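What follows is one structure encoded as structure tokens, with my remarks underneath.
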Amino acid sequence: MEYSNEFLMKLYEELLRCRLFEKKLVDTYALGKIPGHIHSGLGGEACYVGTLATRQQGDYFKNSHRCIAVANLLGVSLETAFSEIMAKRTGNAGGRGGVNHVSQLKYNMLGFSATLACDIGLAGGAAMRLQYDGIDNMAYTFYGDGTANRGPVHEAMNLAAVWKLPVLFVCDNNQFGISTHVSQGSSVPNPGADRAGAYGMPSEVADGTDVLAVYEAAKRLTDHIRAGKGPAVLECKNYRWRGHFEGDQTPYRDKAVTEEWMKKDSVAKMEKLLLDKKIIDQAAIDNMYQQIDDEMERAIAFAEASPAITPEEIYDNLYV
Ligand SMILES: Cc1ncc(C[n+]2csc(CCOP(=O)(O)OP(=O)(O)O)c2C)c(N)n1
Ligand SMILES: [Mg+2]
């Protein structure tokens, strides 16, 4: 595929934003500033960014608990995101949802459920409304390799295929569901893509450490979906760089394998491409790191200075 310099730079900036957000999340958590626990999306950024590079105004999105940085790409401000993460009133749910619920419907984000897989159908529902109203848009739904084995995923896939709904199912295969390796939970090597055939859907497996490879696969599948031919499955193969949650010492996996995978760094690959093509120089890259980091530091300072949610308020907006 031929790319304009502008497109490559946009992709790089989104990738870098995700990377630095996910790093900042880990560092801020280590400082004890985030209540609860976080699931770091480090290593999976290209899956989300490459896929979402095919998005159009009016599309719908169902994220997962993994790459929280995506919320910022879709429009949620860093101030709102970090406030929610740090349980502050200035967060999108007033601090009630926390890190797993950084989401705003005004950006067509459908939220997500901690009961994994039950929310896959939300994207199907959004797609059903688009189809019903004759609106030329689609929905994206992200889920993990472990979640891929749950029933609700398959029910959502079946109906989406029967009704030819405009949905892209994106399996972020980071090879682990907590401590269970994908080979121990799935009878097929590609738990996302290998199952698409059962529902008559096309699928692709992409190198999830290469943002352009993900984009190209996503582009082929979203062209199919946007042509009204029904849903599809994209599986991105990557590797979860950190534990399931911060503090997970990962005794169930080989450190040497993790280190090998961490060399397949999506951000470093894009930087090499941009430098080789002389689209950008090292000083400009350094400058981008600094600017994005400054933006995040300002957002964290805003969140820290914001009022915390109080115990009395946690039952507000509860209807039953
Ligand atoms: C229905 C359900 N079962 C179990 C859990 C506990 N749980 C939280 S994250 C997780 C692992 C999910 O693995 P995967 O789908 O591969 O996503 P990843 O965490 O790797 O991004 C599990 C089992 C849950 N939240 N919901
Ligand atoms: Mg996983």
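Rounded to the nearest 20, the size of the Cβ-charge dipole of the stretch 5-303 about its Cα centre is 540 debye, with Lys and Arg at +1 and Asp and Glu at -1. Note on the chain: GNM, Cα springs under 10 Å; of Tyr60, Tyr132, Tyr48, the largest mean-square fluctuation is that of Tyr132. Put in line by how crowded their Cβ is, counting other Cβ atoms within 10 Å and starting with the fewest, Ile120, Ile225 read Ile225, Ile120. Going from the fewest other Cβ atoms within 10 Å to the most, the residues Lys229, Lys62 appear in the order Lys229, Lys62.
Quick one: grab the alpha carbon gyration tensor of the stretch 5-303, order the square roots of its eigenvalues as a ≥ b ≥ c, and give me rounded if a/c is under 1.5, else prolate or oblate depending on whether a/b is larger than b/c. List each step's numbers first, then the result.
Working: a/c = 1.30, a/b = 1.28, b/c = 1.02.
Rounded, because the longest to shortest axis ratio a/c is under 1.5.
Among residues other than Pro152 whose Cβ falls under 15 Å from its Cβ, what is the net charge (Lys/Arg +1, Asp/Glu -1)?
Working: positive: Lys62, Arg150, Arg195; negative: Asp119, Glu155.
Summing Lys and Arg as +1 and Asp and Glu as -1 gives +1.
Listing Ser306, Ser40 from fewest to most neighbouring C-beta atoms within 10 Å gives Ser306, Ser40. Annotation: cysteines of the chain without a disulfide-compatible partner (Cβ-Cβ under 4.7 angstrom) are Cys18, Cys67, Cys118, Cys171.
Taken as entire DSSP H runs, the helices of the chain that both span 27 Å or more between Cα atoms along their own long axis and average -0.5 or more on the Kyte-Doolittle scale are 5-30, 282-305.
Report summary: the helix-based calculation at 222 nm, which adds -39500 (n - 2.57) for every DSSP H run with n ≥ 4 and divides by the residues of the chain, gives -13500 deg cm²/dmol.
Here Lys277 is the anchor, and the lysines within straight C-alpha reach of less than 22 Å, apart from those fewer than 8 places off in the same chain, are Lys10, Lys263, Lys264, Lys269. Got a sec? Charge dipole of the stretch 273-320, +1 on Cβ for Lys and Arg, -1 for Asp and Glu; which of Ala283, Ala308, Met296 is way out at the positive end? It is Ala283.
Going 7 Å from the Cα of Asp133 in the Cα-to-Cβ direction, what parts of the stretch 30-62 have a backbone nitrogen less than 18 Å from that spot? Residues 56-62 qualify, since their backbone N sits under 18 Å from the label point. With a simple spin-label model that places each label point 7 Å from the Cα along the Cα-to-Cβ direction, the separation between Thr180 and Glu2 comes to 4.8 nm.
Bear in mind these aren't lab numbers, they're just calculated from the coordinates by the rules spelled out. All values reported here derive from a predicted model rather than from experimental measurement. When we count neighbours, we look across all protein chains shown, and the Cβ atoms used for this are built from the backbone with ideal geometry, even at glycine.
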